[in-house]
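All remarks here apply to the structure that follows.
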Amino acid sequence: QVQLMESRGGLVEAGGSLRLSCGASGSTSAINTMGWYRQVASKTREMVAAITAGGYTHYGDSVKGRFTISRDNGKNMVWLQMASLKPEDSAGYYCVAWRLGSTWLSPPDYWGLGTQVTVSS
């Protein structure tokens with residue numbers, strides 16, 4: 001099993017920046033791609049960004065050019081740097097991971113508990 005733990009989110013003003021981090025523990029050798037999803041209450045979860053162990057990245061259309069995902073394989077850490085934040089970015093953000101052989105085109109295999117990010121207008 002793999003456990004994912006996000007850093008605490010927070011409240012930020014529109015136009016501001018915030019960085020989330022996530023640490024993986026457990027059977028980390030079983031995972032390849034890591035990433036972030038977000039969800040606004042009662043709405044469908046949306047993929048925000050993903051990054052493979054080799055550093056190949058993918059972003060959701062709504063965050064391209066504003067968010068940057070990075071990772072440190074040795075530390076089993078992934079970060080999400082969020083800039084030019086908008087009120088519509090307010091959501092619960094979840095760290096996710098996919099098993100070896102899976103891609104971000106499929107639902108993640110592992111989920112963190114999530115952390116709330118609120119952007120005030």
**OP:** Straight distance only, please: which lysines reach the Cα of LYS86 with their own Cα at less than 24 Å, same-chain residues fewer than 8 apart left out?
**Re:** LYS43, LYS64
Subject >> Under Karplus coefficients 6.51, -1.76 and 1.60, residue-wise ³J(HN,Hα) of region 113-121 in Hz, glycine/proline x >> reply: 7, x, 9, 8, 10, 10, 10, 8, 8
**OP:** Calculate what fraction, in whole %, of the accessible area of the chain sits on carbon and sulfur atoms when a 1.4 Å probe is rolled over the protein chains.
**Re:** 50
Original post:
About its Cα centre, how strong a charge dipole does the chain have in debye, to the nearest 20, once Lys and Arg get +1 and Asp and Glu get -1 at the Cβ?
Top reply: 80
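Rg/Rh for the chain to two decimals, with Rh computed the Kirkwood way over all alpha-carbon pairs.
Result for the chain is an Rg/Rh of 0.95.
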Subject >> For the chain, accessible area per residue (1.4 Å probe, heavy atoms of protein chains only), Å² >> reply: 52
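The values are calculated or read from the model by the stated rules, or taken from the named source; none is laboratory data. Not measured: the values here are computed from a predicted model. Because the Cβ atoms are built from the backbone with ideal geometry, glycine has one as well, and the counts that use them run over all protein chains shown. The area values use the complete protein model at the heavy-atom level, side chains included, leaving out ligands, DNA and RNA. Shrake-Rupley method; radii C 1.70, N 1.55, O 1.52, S 1.80 Å.
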